[in-house]
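The numbers here are math on the coordinates, done by the rules we state, and not lab data. In this text the structure is predicted, and so the values were computed from the model without any measurement. Every residue, glycine as well, gets a Cβ built from its backbone with ideal geometry; the counts of neighbours run over all protein chains shown.
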Amino acid sequence: MSDPETSLLFEQVTPRVGRTALRAFADTLCRDLCGGRPFTCLFTGDKELRRLNKQFLGSNYATDVLSFPTGEPIGPLGDIAISLDRAKAQASEHGHRIEQEVRILMLHGVLHLAGFDHETDDGKMRKIESLWRQKYGLPIGLIERTGS
């Protein structure tokens, strides 16, 4: 039996986001940040992120990325969901390509899967995200934008 792989699920498609490049980035995140543990990433829209946010977190609004860690010490790390609608708007707002924004969101989501929480860890996730963002050549990250 082979090891499970990181899965990318495209419920919504945008022509400016290359699936092959995102697959390679997901594999890099899996190797660099997840200790080889796979994760699943759903690419969808605002409507689905609103539904998931309401169902699991009780917040009735669309957000850019949600993370659902398994909490298990072995096996898949968990799932992330990304709104391509939010990614497109945020990329435009911050002056970079949508593919860069999607990578920022993937990095942020995977760090949450790995157990980091910028709302409670006194800046630890902020520092880690900044280091990896710089290593991957990504523009300003989510935590830096919000200051939390």
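Each Cα pair under 8 Å and six or more residues apart adds its sequence gap; the mean of these over the residue count of the stretch 1-112 is a relative contact order of 27 percent. Largest mean-square fluctuation among F39, F56, F68, in a Gaussian network model of the chain whose springs join Cα atoms under 10 Å apart, belongs to F56. Between R37, R86, R51, the residue with the greatest mean-square fluctuation in the GNM of the chain (Cα pairs under 10 Å linked by springs) is R51. Remark: the Cα gyration tensor places the stretch 59-100 in the oblate category, a/c being 1.5 or greater and a/b not exceeding b/c.
The gain in end-to-end length when the S92 to T70 segment is fully stretched comes to 4.6 nm, 0.36 nm per residue minus the alpha carbon separation. Between A87, A24, A114, the Gaussian network model of the chain with springs among Cα atoms under 10 angstrom shows the greatest mean-square fluctuation at A24. For the stretch 1-65 and the stretch 69-148, what is the separation of their Cα centres, given in Å? Computed from Cα coordinates, the inter-centre distance equals 11 Å. Distance between the pseudo-spin-label points of L57 and S130 (7 Å out from Cα toward the beta carbon): 2.3 nm.
Which of rounded, prolate, oblate describes the stretch 38-110, given a ≥ b ≥ c as roots of the alpha-carbon gyration tensor eigenvalues and a/c under 1.5 marking rounded, otherwise prolate only if a/b is larger than b/c? Note, shape of the stretch 38-110 comes out oblate. Which label marks the calculated value of percent of Cα pairs over 22 Å apart, given the options [x] 43; [y] 40; [z] 35? So the structure-derived entry is [z].
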